[in-house]
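In what follows, a single structure is set out as C-alpha cells and then discussed.
The values are calculated or read from the model by the stated rules, or taken from the named source; none is laboratory data. Just so it is clear, the model here is predicted, and its values are computed rather than measured. As a convention, Cβ positions derive from the backbone with ideal geometry for all residues, glycine included, and neighbour counts pool all protein chains shown.
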Amino acid sequence: MGAFSGKGSTSAGLDQLLERMERAEFDLIAVGRALIADPAWVKKVRSGDWAEIKGFDAATLAELV
C-alpha cells in the first residue's frame, strides 16, 4: 500500500524468491508492480533478459491516470 502513497520499494532477485518458494514461505506471489512498470516483464524473465527489466517506481502509478 505504500506505493499508492508515493513510497517506492526495493527489488529482490528472482533467485532469492525461488529459494523462499522452495521453503514454502508464501501462500501467494504477485507481480503486479513489475507488470505496471514493465508490461513485457514476463517475456523478459522467460528469455533471461534481466538487464532490460524496468524496475518499479511509485511515479509509474501516475502514468496510469
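Identify, please: which residue in region 1-21 is exposed (fewer than 10 other Cβ atoms within 10 Å of the Cβ) and either of a type in the set (Ser, Thr, Tyr) or in a loop (DSSP other than H, G, I, E, B) (or both) and is, among those, modelled with the highest pLDDT?
Among them, the one singled out is Gly13.
Step by step: first the residues of region 22-37, then only those that are modelled with pLDDT under 85 and part of a loop (DSSP other than H, G, I, E, B), then the one that is farthest from Glu63 (Cα to Cα). Which residue is that?
Looking at residues that are modelled with pLDDT under 85 and part of a loop (DSSP other than H, G, I, E, B), I get Ile29.
Quick one: in region 39-59, which of the residues that are under 14 Å from Leu14 (Cβ atoms) and under 9 Å from the mean Cα position of the chain (by Cα) is surrounded by the most Cβ atoms within 10 Å (Cβ to Cβ)?
So, considering only residues that are under 14 Å from Leu14 (Cβ atoms) and under 9 Å from the mean Cα position of the chain (by Cα), the one surrounded by the most Cβ atoms within 10 Å (Cβ to Cβ) is Trp41.
In region 38-65, how many are at pLDDT 85 or above and either aliphatic (A, V, I, L, M) or touching a strand residue (DSSP E or B) at 6+ places or on another chain (Cβ under 7 Å) (or both)?
5
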